[in-house]
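Step one of this worksheet: look at the structure below.
The values are calculated or read from the model by the stated rules, or taken from the named source; none is laboratory data. Here the structure is a predicted model, which is why all the values come from computation and not from measurement. Heads up, the Cβs are rebuilt from the backbone with ideal geometry, glycines too, and the neighbour counts pull from every protein chain shown. Surface areas here come from the heavy atoms of the whole protein model, side chains and all, with no ligands, DNA or RNA. Shrake-Rupley method; radii C 1.70, N 1.55, O 1.52, S 1.80 Å.
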Amino acid sequence: MHEERLAAFSRERLDGRPLPDDLRTLLVAQWEGRDAFARLLRLDFLAPGEVHPLLDTDYLSEAELADPEMQCVNAAAAQLAEHLKLVARYGHNWVGYWLHPDEPADRGWRPAELDTEFSVRVLPGHTLAEAAAAELADHQDEPDERAGYAALAAELARLGLPLDTREYDALGGAEVRVDPDGLMEELIEAERGRRGLH
């Protein structure tokens, strides 16, 4: 029923890659008006045509757009967006996946968050749902983040979205081979060099 819409979402947000199972479940639930997941995980998926935040320059003035340093930042941000595939808003930030080609394929997709300062943080967990639950774990009415995560995992399973693990400590770290913020700095410097701004 939603296959074409899911395929369109994949083409627009993930360059046509197959959607992870949890993302499919969450998208279909949002499109069908079932808001339990959205309320629980605080995810609001991007609408068709919504511009990737790293590519959005509408908020800049003409003078800012003409500034050579800002042009370097914008060019670097566009290159970074090729590897940071955002799929949802999460509070004031955005979440998605860090899909740099130098990341080991056997680790799977790394959930990541972009904040309003364009800083990228790779999140714990192996799926978007795990990452969102881990981020919310210490905001639950539980004694600590481990109990909070377990409670969220149990509720997600009850709603039909079981996580790979119900144990916070089993989520794994957020280590990556290519640091997104470090790459952004390198890309800006490379742009500055190309434009003779050193």
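The residues of the range 1-104 present an accessible area of 52 Å² per residue when probed at 1.4 Å with all protein chains retained.
Remark: the His198-Gln30 segment gains 55.7 nm on full extension, using 0.36 nm per residue and subtracting the alpha carbon distance. Each residue, Glu186 and Asp44, gets one label point 7 Å from its Cα in the Cβ direction; the gap between the two is 3.5 nm. Dipole check for the chain: with +1 at the C-beta of Lys and Arg, -1 at the C-beta of Asp and Glu, and the Cα centre as origin, the magnitude is about 620 Debye.
Dividing the Cα radius of gyration of the range 1-90 by 2.2 N^0.38 Å, with N the residue count, gives 1.31. In summary, the range 82-123 shows an alpha-carbon radius of gyration equal to 1.13 times the 2.2 N^0.38 Å reference for compact globular proteins. Ordered by 1.4 Å accessible area with all protein chains kept, Asp56, Asp102 run largest first as Asp102, Asp56. To put it simply, the accessible area of the range 62-198 at a 1.4 Å probe is 47 percent carbon and sulfur. For the range 62-172, the Cβ-based charge dipole about the Cα centre amounts to some 460 debye (Lys, Arg positive; Asp, Glu negative; other atoms uncharged).
Proximity of backbone amide H atoms, modeled 1.01 Å from N, is registered between Gln140 and no other residue at under 5 Å, excluding neighbours fewer than 5 places apart on the same chain. Normalised radius of gyration (Cα atoms, divided by 2.2 N^0.38 Å) for the chain: 1.10.
Direction-averaged projected area, Cα convex hull, the range 143-198: 6.7 nm², rounded to one decimal. Taking label positions 7 Å along the Cα-Cβ direction at both Val178 and Glu82, the computed distance is 0.8 nm, reported to one decimal.
For the chain, the relative contact order works out to 18 percent when only alpha carbon pairs closer than 8 Å and six or more residues apart are counted.
When the chain is treated as a Gaussian network with alpha carbon springs shorter than 10 Å, the biggest mean-square fluctuation among Phe118, Phe37, Phe45 belongs to Phe118. Potential lengthening of the chain between Asp58 and Thr116 amounts to 19.4 nm, from the contour at 0.36 nm per residue minus the alpha-carbon distance. Converting phi to 3J(HN,Hα) with the Karplus coefficients 6.51, -1.76 and 1.60 and the offset θ = phi - 60°, the range 89-100 yields 8, 9, x, 8, 9, 10, 10, x, 9, 8, 10, 5 Hz in sequence order, with x at every glycine or proline.
One chain, two ends: Ala7 and Val51. Fully extended at 0.36 nm per residue, the span grows by 14.0 nm beyond their Cα-Cα distance.
Give me the one-decimal nm value for the distance between modelled label points at Glu69 and Glu167, 7 Å along each residue's Cα-to-Cβ direction. Placing both labels 7 Å along Cα→Cβ, they lie 5.0 nm apart.
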